[in-house]
Structures are given as C-alpha cells and as structure tokens.
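We did not get these values from a lab; they are worked out from the coordinates using the rules stated. This one's a predicted model, so the numbers in the text were calculated from it and none came from an experiment. Note that we place each Cβ from the backbone using ideal geometry, even for glycine, and neighbour counts take in every protein chain shown.
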Amino acid sequence: MVGNGRGQLLLVEDEPVLRRLIADFLRGEGYEVIEAADGSEGASIYADHPYFDLVLLDLNLPYLSGVDVCRRIKAMRPSQPVLICSAAILDAHIVALHEMKVDQFLTKPYHPLDLLDRIHRELSRPSTGRITRTMVGSVLA
C-alpha cells in the first residue's frame, strides 16, 4: 500500500502482529511501508530496493541479527538512516551501532506518537549523502 508521499520506510520486525500494527499505523500517517519478517528478508529487500527514507530495525531477529542487517545496509549505503526499535538494546549493540553512525534508539514498548516523533526527527536531519527519491528517478530515467 502506498502512502501520501511522507516517505518510504523499511520495517524489519519478526513479530507478525506488531509488524502489522506498526505498518498499518504508519500507512495511515501517509508513509509507504515495506515489511520484512526477519533479518535475512530485511537485508535482501534492502539490497534489491533503490532507496528508503528510513529503516526501522528490530535487533532480535531470526536468521540474521539486527546488528548484522545494519552492517549490510551501511556497507551498501553508509548514509542510510536507521532507527533501532527493539525491546532489548544491550551495551554491545549500542557500541556496534554507534561505530556504524546509528544513534537513534526506541525501546519497546513505545507509544505510536513516540515512533512518529522519532521518524520525523530522523527524516529532518541533514541528508548529507542520502539518496533521495528525486535522485533515484533521475538515475533510472
């Protein structure tokens, strides 16, 4: 389902009910959301997709951890914004993610308005090196 142009998000969340609730809520707020049910699927979708405005990433995922998914994403596009949305954010995760310049964390459970606030803040950051929808369109044309 396509949103109202507020941005395109990749949601990597293994809990099906939570993933559906978050995706439906964000679509209702005008975002286009592409969903991945595990780390491997998230990394694969990201590799096959030209760009995302933001990746929403759980850390405790089957097949490929959230930290490993983030490593793959950052290897492809170092400037890709990532928001970690996880129940268990350990010090080791924070250290590894900070090395990849990921510094946005939202601990589950969170209020949907807190999620919207974090998304807005991340998308409002200066976009140095970030791939934009316009850039993708001009490259693909």
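Let me know the whole percent of all Cα-Cα pairs from region 64-105 that are separated by more than 12 Å.
Values: 488 of 861 pairs.
Here the long-distance tail beyond 12 Å is 57 percent of all Cα pairs in region 64-105.
Amide H neighbours of residue 54 under 5 Å, at least 5 residues apart or on other chains, H built in the peptide plane: list them.
Result for residue 54 returns 8, 10.
Given the convex hull of the Cα atoms of region 1-68, what is a quarter of its surface area in nm²?
Values: hull surface 16.6 nm².
Approximately 4.1 nm², given one-decimal rounding.
Using θ = phi - 60° and the Karplus relation 6.51 cos²θ - 1.76 cosθ + 1.60, list the HN-Hα couplings for region 60-67 in order, rounded to whole Hz, with x at every Gly or Pro.
Here the 3J(HN,Hα) series is 9, 10, x, 6, 8, 5, x, 5 Hz.
In debye to the nearest 20, how big a dipole does the chain give about its Cα centre with +1 on each Lys and Arg Cβ and -1 on each Asp and Glu Cβ? Before the final figure, lay out the partial values.
On the way: 15 positive and 19 negative charges, 105 e Å.
It comes to approximately 500 debye.
Count neighbours as other Cβ atoms within 10 Å of each site's Cβ, and list the chymotrypsin sites (Phe, Trp or Tyr not before Pro) in region 59-123 that are DSSP loop with at most 12 such neighbours. Spell out each step's value before the answer.
Numbers: sites: 63, 105, 110; in loops: 63, 110.
Nothing satisfies the criteria.
Strictly greater than 25 Å: what percent of every Cα pair in region 8-140 meets that? Present the calculation step by step, with values, prior to reporting the outcome.
Numbers: 1513 of 8778 pairs.
Above the 25 Å cut-off, region 8-140 has 17 percent of its Cα pairs.
Before anything else, pin down the relative contact order of region 1-106: Cα pairs under 8 Å, at least 6 apart, normalised by residue count, whole percent. It would help to have the intermediate numbers written out before the result.
Working: 188 pairs, mean separation 26.2, N = 106.
After rounding, I find 25 percent.
What nm distance separates the two modelled labels at residue 103 and residue 20, each placed 7 Å from Cα along Cα→Cβ?
Computed distance between label sites residue 103 and residue 20 equals 3.8 nm.
Can you tell me the FRET efficiency between residue 95 and residue 120 if r is taken as the Cβ-Cβ distance and R0 is 35 Å, rounded to the nearest 0.05?
Efficiency computed from Cβ-Cβ geometry: 0.85.
Using the number of other C-beta atoms within 10 angstrom as an exposure proxy, rank 118, 77 with the fewest first.
Working: 118 19, 77 15.
Result, fewest neighbours first: 77, 118.
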